[in-house]
Amino acid sequence: MQQSFPTATTPLLRAAEGLPAGRAPSFSVSLVPTVPVPIRIGAQLGFQLSSASAGYASLYVIDPVYDVQVLAENMPMPAGNLEYPSSQGFTLRAAEPVGFNRAILLVTRQPFEGFSGNDTLTTPVSTALDGEAFVSQLNAATRALPSPSWDSVSV
């Protein structure tokens, strides 16, 4: 199967592949990059994570060639805002490949058995999954959660 890679105008996830809604009226999240786009190689990166309810944040990035990085999983998230990665004490910098990246934030009320088990992970690690397999597994995992117990957003 020939894979077509996303461009700035082609979303990585088609609407049918997006995460299903898990939002309850009192549980909503947002994710905002803290640097303007376009981002230059070597620029310091960051995200403002927001959640209406306290929980556990998982943050993922899928790059232009569908490589997946787990930036954080089961990171304690207070109700309100959290800066990532500055809240964790390290710096994240933009690197190749150049192109459209998709960041996904998932906040759950209970620890999420994601790609690192139930462990808390706050520093980036790569996965062996490509973007399509990753999204498929993330969809399956969130479908198993009670709907008012999580929310997600991607940018």
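Things worth noting here:
- Among the criteria (1) more than 13 Å from the chain's Cα centre (by Cα); (2) modelled with pLDDT of 90 or more; (3) over 13 Å from Thr122 (Cα atoms); (4) open to solvent by 30 Å² or more (accessible area, probe 1.4 Å), the one Glu83 does not fulfil is (3).
- As a summary of the residue check, Gly99 satisfies the conditions (1) open to solvent by 10 Å² or more (accessible area, probe 1.4 Å); (2) in contact with a strand residue (DSSP E or B) (Cβ under 9 Å, 6 or more places away or on another chain) except for the one numbered (2).
- Taken over region 28-51, the criterion of being among the aliphatic types (A, V, I, L, M) and closer than 23 Å to Pro148 by Cα is satisfied by Val29, Leu31, Val32, Leu49.
The values are calculated or read from the model by the stated rules, or taken from the named source; none is laboratory data. Keep in mind the model is a prediction, meaning the values are calculated, not measured. Virtual Cβ from ideal backbone geometry, glycine too; neighbours counted across all protein chains shown. Note: accessible area is taken over every heavy atom of the protein model, side chains too, but ligands, DNA and RNA are not part of it. Shrake-Rupley method; radii C 1.70, N 1.55, O 1.52, S 1.80 Å.
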